[in-house]
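Contents: one structure, followed by commentary.
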Amino acid sequence: MAIEHIRLSQQAKDQLVRLKRVTGISNWNVLCRWAFCLSLAEPTIPAPAKIVTDSSVEMTWKVFGGEYNEIYLALLKVRCHEDGFPRTEDTLHQQFKLHLHRGIGYLASKASNKQIENVADLFHLDGNS
């Protein structure tokens with residue numbers, strides 16, 4: 001398994017707190033799944049960045065992915081292959097972190113722009129942010 005634990009930056013935590021309030025989704029992992037998939041749908045590669053995971057939000061990979069954790073890992077591996085990255089544990093972990101944080105940023109931006117005002121609005125999002 002390439003990813004055991006997931007920890008978020010303080011900025012991502014703050015963004016998720018606002019998203020929880022707007023959508024009514026109370027679990028971090030559910031919002032993180034939406035964010036991850038939204039980023040994967042974006043055709044561009046996430047910009048390289050050093051993300052400081054300094055918040056108190058932490059979860060295991062199995063909590064993040066739930067019963068579909070193997071599918072999320074497969075999606076990440078396919079995306080890394082498509083983007084020309086080796087599928088090493090370090091690369092998978094880094095690309096996951098970049099996709100997750102980019103996706104959370106997208107969701108937060110859409111909530112700020114009133115494109116997300118409830119949970120139903122999540123179903124109308126696409127990766128062309």
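Relative to the first principal axis of the alpha-carbon coordinates of the chain, what is the inclination of helix 69-82, with its axis defined by its Cα atoms, in degrees from 0 to 90 and to the nearest 10?
The two axes meet at around 70 degrees.
HN-Hα J couplings of the stretch 40-47 from phi, Karplus 6.51/-1.76/1.60, θ = phi - 60°, integer Hz, Gly and Pro as x?
Taking θ as phi minus 60°, the curve returns 4, 6, 6, x, 7, 6, x, 5 Hz for the stretch 40-47.
What lysines does Lys13 reach when the alpha-carbon gap must be under 23 Å and sequence neighbours fewer than 8 apart in one chain are set aside?
Filter leaves Lys50, Lys62, Lys97, Lys110, Lys114.
Kindly state, to the nearest 0.05, the FRET efficiency for Glu67 paired with Val17, given R0 = 30 Å and r defined as their beta-carbon distance.
0.70
Taking the Cβ of Leu98 as the center, what net charge do the other residues with Cβ under 13 Å away carry, scoring Lys and Arg +1 and Asp and Glu -1?
+1
Using only the alpha carbons of the stretch 30-79, what is the convex hull's orientation-averaged projected area in square nanometres?
It is 4.1 nm².
For the chain, take the longest principal axis of its alpha carbons; what is the angle in degrees between that and the long axis of helix 10-23, to the nearest 10 within 0 to 90?
It is inclined by approximately 50 degrees.
By average Cβ neighbour count within 10 Å, what is the ranking of 28-37, 82-91 from highest down?
The densest-packed peptide leads the list: 28-37, 82-91.
Dimensions of the chain along principal axes (Cα, Å, largest first)?
Principal extents (Cα only, largest first): 38, 30, 29 Å.
Under a 1.4 angstrom probe, counting protein chains only, how are Leu38, Leu75 ranked by accessible area, largest first?
Final ranking, largest accessible area leading: Leu75, Leu38.
The values are calculated or read from the model by the stated rules, or taken from the named source; none is laboratory data. In this text, all values refer to a predicted model and were calculated from it rather than measured experimentally. No Cβ is skipped: glycine too gets one built from the backbone with ideal geometry, and neighbour counts run over all protein chains shown. Keep in mind that these areas ignore ligands, DNA and RNA; they rest on the heavy atoms of the full protein, side chains included. Shrake-Rupley method; radii C 1.70, N 1.55, O 1.52, S 1.80 Å.
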